[in-house]
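Accompanying notes for the structure given below.
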Amino acid sequence: MNTSQFPSHVTLVDVGPRDGLQNEKQAVPAADKIALVHRLQAAGLKEIEVTSFVSPKWVPQMADNAEVMAGIARQSGVRYSVLTPNLKGYEAAATTRPDEIVVFGAASEAFSQKNINCSIAESIARFEPVVSAARAAGIKVRGAISCAVGCPYEGEIAPERVALVARLMAEIGVQHVGVADTIGVGTPLKVQRALAAALQHYPLAEVSGHFHDTYGMALANVYASLQMGIHTFDTSVSGLGGCPYAKGATGNVATEDVVYLLHGLGIGTGIDLDALIDAGQFIRASLGQPSGSRVARALLAKRG
Ligand code: HMG
Ligand code: MG
C-alpha cells in the first residue's frame, strides 16, 4: 500500500467553542466556554476557534465574545481565531487581540444571503477592508467557503463556484481558505474536486477541510483530503455543533474521531486523545448531552 502521499503531521483547528456552541439553544455560560478552551489547549490543540463577532440578534450564543476572549489564559504557541463578517465585527474583535480572524463567504448565493444577508460579490466587498485592516495589524486572515459541495437551498454546487470564491478571496488578500461542507452531503470524490478547485488559487499548506458530519461521510472525506496532501482540518471536540442557517446540519466531524484516525495512520497531531476526550466530556456535561464522538464513547466505555 502506498501511503507516501500522506502528510506526516496534521494540524487540527478545534472549532468547537465557536461552530460547536453557536447552534446551542441553551445559553452556555462564558466560564464554561473559557474552561473548554483551556482544556483544549491542555490537550495539545494549537489552533482554537474561540468565538464570533457577529450580530447577537442573529446568533445570541456568541454575544459574550469579548468576555470569552478576555477570560482565556493564553498559552504560547496556540493560535486563537474568531469570526468577523464585516468591519463592525472586526473592530470589536481587534480589541480582544485574536491571532487570526476568519471571514466567511459561500460558494452558493442563496446561502450567502441566508447566512450573512448579502450576495457573494457584496460579501467580498465587505471582507476587503476587514482583510486589509487585519493584515496591517499583523493578524492572519482565513476565509471559509461554505457550501463548497452542496447547499441546503441550491443543491449540488459545482467546483467552479469554489474556484471562483477562492480566487476572489485570494485577490483581496485572504491568506488561507477552508473548504466547508456545511451540510455534510459531500462524498470523497466531490470533496476532492472542491479542494482541487481551491488549490487552483492557494498552496497546499493554505487549504483546509471543514466537514460537517451530517451524513456520516466526514471521516471518509478527511481520508480523501489526506490523499491529496491536505494537512489542516477544522474539527469539533465531541462533534459539537451545526450552523443556525443550515437546518438539520449536524456538528463538525469530532476531533476525537479524526485524532484516532490520524494516529492509526501514523500521522502526528500533538494531541493527547485522553485529555481531549475529557475536554469533550466537560462541555457535554455542561450541555447535558452525550458525546457525539464514536471514539470518545468507545474509549469511555473501556474506561468503565
Ligand atoms: P445585517 O443585518 O445585514 O447587518 O447583518 P447590517 O450591517 O445591516 O446591521 C444590522 C444590525 O446589526 C445593526 O444593529 C448593526 O449594528 C448590527 P442595529 O442598528 O439594528 O441595532 N451588526 C452587528 N452587530 C454585532 N456584530 C457585528 C455586526 N454587524 C452588524 N459584526 C451580519 C449582517 C453578517 C452581521 C449578520 O447577517 C450576522 O451576524 N450573521 C450571522 C452569521 C453567522 O454567525 N453564521 C454562523 C457562522 S458561519 C458558519 O457557521 C459556517 C462555517 O462554520 C463554515 C461552514 O460550515 O460552512 C464558518
Ligand atoms: Mg461550520
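Using a probe radius of 1.4 Å on heavy atoms only, what accessible surface per residue do you get for the chain? Whole Å² is fine.
On the way: 11870 Å² over 304 residues.
In whole numbers, the chain has 39 Å² accessible per residue.
Give the lysines reachable from LYS247 as a straight Cα distance under 19 Å; neighbours fewer than 8 places away on the same chain don't count.
Excluding near neighbours in sequence, the set is LYS25, LYS57, LYS114.
Taking each full run of DSSP H in the chain as one helix, which ones are at least 20 Å long along their axis (Cα atoms) and have mean Kyte-Doolittle hydropathy of at least 0.5? Please list the in-between numbers first.
Values: long enough: 120-136 (24 Å, 0.59); 273-287 (21 Å, 0.83).
Helix filter hits for the chain: 120-136, 273-287.
Among PHE282, PHE104, PHE127, which one shows the highest mean-square fluctuation when the chain is modelled as a Gaussian network with alpha-carbon springs under 10 Å?
Maximum fluctuation in the GNM of the chain, among the listed residues, is at PHE282.
Ignoring ligands, DNA and RNA, what percent of the accessible area of the chain is carbon or sulfur (1.4 Å)?
Details: 6360 of 11870 Å².
Solvent-exposed carbon and sulfur of the chain make up 54 percent of the total.
What is the sum of charges around ILE120, taking Lys and Arg as +1, Asp and Glu as -1, for the other residues whose C-beta is under 15 Å from the C-beta of ILE120? Present the calculation step by step, with values, prior to reporting the outcome.
Details: positive: LYS114, ARG126, ARG161, ARG167; negative: GLU109, GLU122, GLU128, GLU154, GLU160, GLU171.
So the environment of ILE120 carries a net charge of -2.
Indicate the gyration tensor shape class of the chain (rounded, prolate or oblate), computed on the Cα atoms with a ≥ b ≥ c the square roots of the eigenvalues: a/c under 1.5 is rounded; otherwise a/b larger than b/c is prolate and the rest oblate. Show your work: numbers first, answer last.
Numbers: a/c = 1.42, a/b = 1.10, b/c = 1.29.
Rounded shape, in that the Cα axes give a/c under 1.5.
Please calculate the 1.4 Å probe accessible area of VAL54, with all protein chains present, and give it to the nearest 10 Å².
Ignoring ligands and nucleic acids, VAL54 comes out at about 30 Å².
Leaving out ligands, DNA and RNA but keeping every protein chain, what accessible area does SER123 have, in Å² rounded to the nearest 10, with a 1.4 Å probe?
Counting only protein heavy atoms, the figure is 0 Å².
The values are calculated or read from the model by the stated rules, or taken from the named source; none is laboratory data. Source: prediction; values computed, not measured. Cβ coordinates were reconstructed from backbone atoms using ideal geometry, including for glycine residues, and neighbour counts include every protein chain displayed. These area figures cover heavy atoms from the full protein model, side chains too; ligands, DNA and RNA do not enter into them. Shrake-Rupley method; radii C 1.70, N 1.55, O 1.52, S 1.80 Å.
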